[in-house]
Amino acid sequence: VFLHTLELRLNLQFIFCCLLFACHHCYVLSNSKEAYVKVADDVFLHTLEYGDPAAPVILMLHGFPDLSLSWQYHAQRLAEEGYFVVTPDLRGFGSSSIPTEGKLEAYSRQSLVSDIDALRNHYCGADGSFALLCGHDWGGLVVWGVLEALGRHDHDHGAKKKIIAKSAVVINAPHPRVFSNYIYTLKQAVKSWYIFFFQLYWFPEFFLYRTQNLYYSATKVEYQLFVQSLGLSTVTNSGEPTKCSDETNNNDDESTCVAPAATTTRDASRMMPSIIDVEANLAVFKRALTDRDRIHAMLSYYRAITAGFWSEPSDYGKSELSLVNRVIRWLHNNNNNGDTGGSEASSRSSERQNDSTTISSSVSIPTMILWGKKDRFLGEELASAPDGVLENHQGTKFFDAGHWVHWEKPREVVEELIKFANAHNNKEKEE
């Protein structure tokens, strides 16, 4: 009974989360290009590229359980505005490599920041900068890490260090220090129940794998509603497109709906196919959940935080880890010849103090925070940065939406991104 109740609750909480994971595959844009970029000895990141490679580069990072495809609509719009947009699968996600070494340390703050710096070197050159660095959920946490590691002008020795981006946007992703201040409050602990659940050994992977059919059926109707919101059509199992009026949208046949025409001047139908095969798209999502290694890799992000691999660089790898840190490291690194990750991490910590991922005291990059006020996982009070971190904070904008605000309000969010990127790139040109 307990397991059945837990399964029901988890499915209700994750229904919309998994919907977004499925939505990534709802269409393939003909003008996107796939690539693989080597960012570490054992890691290649799969990327989708949009627009002219000679244009200013925008990097967009997805969250959990999303993929690079979650930014297709936004990337296409930004490409139309004259940018070259790159959307990678984070390490362990989608078609990117699953790290073979380091266990949880492979998902540390330093490792992920190094991935982004490697992408910068690949697409912008050693002295180049992204026009905009944007991230949602886990992608947003990576953006916070990148900003503090590589996001300020360094005037040491009279030289001005080239920063990693000209502007940055964080979407529904709390700063790690802010989150650590609230995670143990009753309100946020209840919202973040899944983080504690993901710390268990083996069972979360087993649960997500075993409930894939429930996710598939539960998200089908919701997915069709998302497709409709962008002014697109669905298709039946026979492959014939179907349409219905507003009155018939409420019928019981969930495979026979089509969205009303979009009313904006730049609607999604200009950039995407008009017919969507819901069955085929959701099948891609279902197949993704049959890969247990991928599920394990995605959950490792949450375990790396609890194991202390997202602590400040000055604390990274210290032997004075808390009991919780030690237990999580032992639990999920126990196949690594019994190594808990403490001694090996300690031996490398001094090196990391001097590398490019050392956190700075103040971020000079213009940064904006976008936040869905109805987020069921993160409280509105988390939509801020610690005092003194952002010296060029461009404000926080709230939307009447949930955690996946960029999907619930795609047009509003992408217009904010366009205005923000244009403002700071045009400003640099003037200077």
Top-ranked residue in the stretch 290-307 [being surrounded by 21 or more Cβ atoms within 10 Å (Cβ to Cβ) and over 17 Å from the mean Cα position of the chain (by Cα); ranked as farthest from GLU101 (Cα to Cα)]:
THR306
Which residues, counting only those in the stretch 48-99, are surrounded by 23 or more Cβ atoms within 10 Å (Cβ to Cβ) and β-branched (Val, Ile, Thr)?
VAL57, ILE58, VAL85, VAL86, THR87
With (1) at pLDDT below 95; (2) open to solvent by less than 10 Å² (accessible area, probe 1.4 Å) as the list, and ALA168 as the residue in question, which single condition is left unmet?
(1)
Just checking, which of LYS38, LYS33 is at pLDDT 95 or above, in a strand (DSSP E or B), farther than 17 Å from GLU408 by Cα and basic (Lys, Arg)?
LYS38
Condition met for ALA423 (over 22 Å from SER70 (Cβ atoms), among the small types (Gly, Ala, Ser), modelled with pLDDT of 75 or more and open to solvent by 30 Å² or more (accessible area, probe 1.4 Å))
yes
Name the pairs whose Cβ atoms lie under 8 Å apart, with the first residue in the stretch 183-205 and in contact (Cβ under 8 Å) with a residue 12 or more places away in the chain, the second exposed (fewer than 13 other Cβ atoms within 10 Å of the Cβ) and assigned to a helix (DSSP H, G or I), and 6 or more positions between them or separate chains?
GLU205/ARG292
For the stretch 105-121, what are the residues that are under 14 Å from SER300 (Cα atoms), surrounded by fewer than 24 Cβ atoms within 10 Å (Cβ to Cβ) and of a type in the set (A, V, I, L, M)?
ALA106
Somewhere in the stretch 371-385, is a residue under 19 Å from the mean Cα position of the chain (by Cα) and closer than 20 Å to ALA131 by Cβ?
no
Return the only residue of GLY388, GLY402, GLY395, GLY342 being open to solvent by 40 Å² or more (accessible area, probe 1.4 Å) and either of a type in the set (Lys, Arg) or at pLDDT below 95 (or both).
GLY388
Residue that is within 20 Å of the chain's Cα centre (by Cα), of a type in the set (A, V, I, L, M) and either modelled with pLDDT under 95 or closer than 23 Å to LYS419 by Cβ (or both), where the choices are LEU10, LEU6, LEU78:
LEU78
Would you confirm whether any residue within the stretch 102-109 is modelled with pLDDT of 95 or more and of a type in the set (Asp, Glu)?
no
Scanning the stretch 35-47 residue by residue, the ones that are among the β-branched types (Val, Ile, Thr) and open to solvent by 10 Å² or more (accessible area, probe 1.4 Å) total 1
Residues in the stretch 122-151 that are surrounded by fewer than 24 Cβ atoms within 10 Å (Cβ to Cβ), of a type outside the set (Gly, Ala, Ser) and either at pLDDT below 95 or in contact with a Cys (Cβ under 6 Å, 6 or more places away or on another chain) (or both): how many?
1
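The values are calculated or read from the model by the stated rules, or taken from the named source; none is laboratory data. All values derive from a computational prediction rather than experimental measurement. No Cβ is skipped: glycine too gets one built from the backbone with ideal geometry, and neighbour counts run over all protein chains shown. Each accessible area value is taken on the protein alone, full model and side chains, heavy atoms only, with ligands, DNA and RNA left out. Shrake-Rupley method; radii C 1.70, N 1.55, O 1.52, S 1.80 Å.
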